[in-house]
1. With a Förster radius of 35 Å, plug the Cβ-Cβ distance of B:L156 and B:F286 into 1/(1 + (r/R0)^6) and report the FRET value to the nearest 0.05.
2. Is chain B rounded, prolate or oblate when judged by the Cα gyration tensor, a ≥ b ≥ c being the square roots of its eigenvalues, rounded requiring a/c under 1.5 and prolate requiring a/b larger than b/c?
3. Expected output is a single nm value to one decimal: the length gained when fully extending between A:L190 and A:D43, i.e. 0.36 nm times separation in residues minus the C-alpha distance. What is it?
4. Number of Lys-Lys pairs in chain B under 20 Å by Cα, sequence gap 8 or more or different chains?
5. Okay, helix-only estimate at 222 nm for chain B: each DSSP H run of n ≥ 4 adds -39500 (n - 2.57), divide by all residues, round to 500 deg cm²/dmol; what do you get?
6. Under 18 Å from a point 7 Å along the Cα-to-Cβ line of B:D299: which residues of region B:210-246 have their amide N that close?
7. Once you mark the trypsin sites (Lys or Arg not before Pro) that are in a DSSP loop and have at most 12 other Cβ atoms within 10 Å, what is the longest gap between them in chain B?
8. Once you charge only the Cβ atoms, +1 for Lys and Arg and -1 for Asp and Glu, what is the size of the charge dipole of region B:90-268 about its Cα centre, to the nearest 20 debye?
Amino acid sequence: MAAQTAWQFKEGVAPDAGSFVPAPKDSGELQQIAGRSTTYWSDAIRRIRRNKLAVVGFWIIIALFVVAIVGPMVSPYSYEDQDLDNTFQSPTLRHPFGTDQLGRDQMTRVMYGSRISLAVGIVCAALNFLIGVTYGGISAYFGGRVDDIMMRIVDILYGIPTLIIVILLTVLFKDKGVNPLVNVFIAIGLTYWLPMARIVRGEILSLKEREFALAAKTIGAPNNRILFRHLIPNAMGPIIVTVTLEIPAAIFTEAFLSYIGLGVSAPVASWGVLASDGTEAIRSFPYLVLFPALAISLTMFAFNFLGDGLRDALDPRLRQ
Amino acid sequence: MLKFILQRVLSMILVVLIVASATFFMMRLLPSGPFSREKKLPAQIIKNLEARYHLDDPLWKQYVDYMKNLLRGDLGPSFKYTDRTVNNIINDGFPVSAALGVVAVILAVGIGIPLGIWGALKQNGWQDNLVMFVALLGVSVPNFIMAVLLMFIFALGLHLVPAAGWGSIKQIILPAFTLAGYPIAFLARLVRSSMLEVLRQEYITTARAKGLSERLVIFRHALRNILIPVVTVLGPLIAAVFTGSFVVEKIFAIPGLGRYYVTSINDRDYTTILGVTIFYSALLVFLNFMVDLTYAWLDPRIRYVERKVS
């Protein structure tokens, strides 16, 4: 009620009656803020809750994680248990997804495959944060010559199609005898941070000119504190969106590499390997390719749905 | 403009040289040589083979020789097929891949852009939701799954087209649509959002206020301005079509360069991997350059501005 005196009239000064009406004495109440103020994040969560596809994507991802963790534990079969009397079985109660050419339970194999795919997604996201965010942040924060050189390197790497770099690195590491899954991690980790570096650089370039960055500098905060405590947390929206949209790309790459025989190889069941085996038997046993194909597609939908929703919710420039 | 072109040509040459050198040394780093087989070859034979391909020279000399030959356009012999050179392989495979790629790009532009415009004009209607949902599915389904799906439905199920092979018009349909799937979906989403943005601009209101027909407003005034974002993504899309051909050519048994590339990787045919990688990078870098030129030509605002810190 304190903020109300502004409208009051002085005693004795007659208002020109009819042309304006004095404001009611409690007008200050109308100006009080009702409810809690919304922050950037609560606003974003509210927006994303309203986006049905994004919510569906979110729950599919949660379900995938549950299946990947719990599924293989409760399954009566292992991914490499062979049952040569029951090869190429159609889906039954005992084998809901059927069995493959060696009588291995397809459902168990698909569940193991989800572990590989999600691991690839998590590693890709982690490396994106570690390399991409740091690289882009340093490049933008120090600017000048440093920025020029660092971004020229990114430009050159950008000129080469990612898949070719990944293929070459996989060939190299495979012959070095590195575990194929680690191969894929290294190859994806070394290449998929490029878009992140560019986006973070763009964000930091504008953030570092803002007053709070200047304030931090005036009180003598060291560079790494300003960069990692003040600037990067403020760029979190675009960073999260980019990560969410890079994850399906990484999962796709792993499946693609395994499909052409460069990634994870048998008997470990990556979705790419399963799809590749299934493709060979497509004329006689089409269900064999069906389930891994559904699993890959569903995972990619889910991440893309969520990523799209996050972009609409978090990226203020794209708000309509 | 001239400075822009010069700058880009220099950086193009630099990129290709870096790719060539990096790939060269990577191939030489591999512990298993090109002649390690399951059955070990006698030492003398390996020695003779190494002498024939100059593998006994010091590494720097091999590198200099390779680069010299590269400048003349000679990519050397294939380790796997003794009677063929890498140039032979590219000459055989590339026309096939290029034909497939061109058809795919035409399909992508011819279907993706109209879909996006249609979606934008019916914003939030059921047509729009349908187009956007299908487009989101399109960017989510991996190309090798798309290939299998299309083959299963249209070849094995409905018997409309042959399942695989190369040579007739009918055989190009499935692989071309597979390759175009992702670009169609991507373009539809991009065109829709750019169209929505353009339609809110004041010059569109002006055009409508002048009493122009809706058709003229869309195709004369709006379309030209959405072409710019479309052209900028053509580079990555062309790359997607080319790398997609690695797996699509394998599935549909098409004798293109992508299939040779994958085969050479599985065969450890190092000179072919090296040569084809350099060829692909040079091609993509060049196509990106053409895209950039088109971009500068379409948008007069870019033409005279030096490429500063973007």
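Computed from the coordinates by the stated procedures, all read-outs in this text should not be read as laboratory data. Keep in mind that this is a model prediction, so the values were computed, not measured. In this analysis, Cβ positions are derived from the backbone assuming ideal geometry, glycine residues included, and neighbour counts consider all displayed protein chains.
1. 0.35
2. Here chain B falls in the oblate category.
3. Between A:L190 and A:D43, full extension yields an extra 49.5 nm.
4. Close lysine pairs found across chain B: 8.
5. Numbers: 12 runs with 222 residues, N = 310.
Helix-only estimate at 222 nm: -24500 deg cm²/dmol.
6. B:221-238
7. B:73-199
8. Computed charge dipole of region B:90-268: roughly 420 debye.
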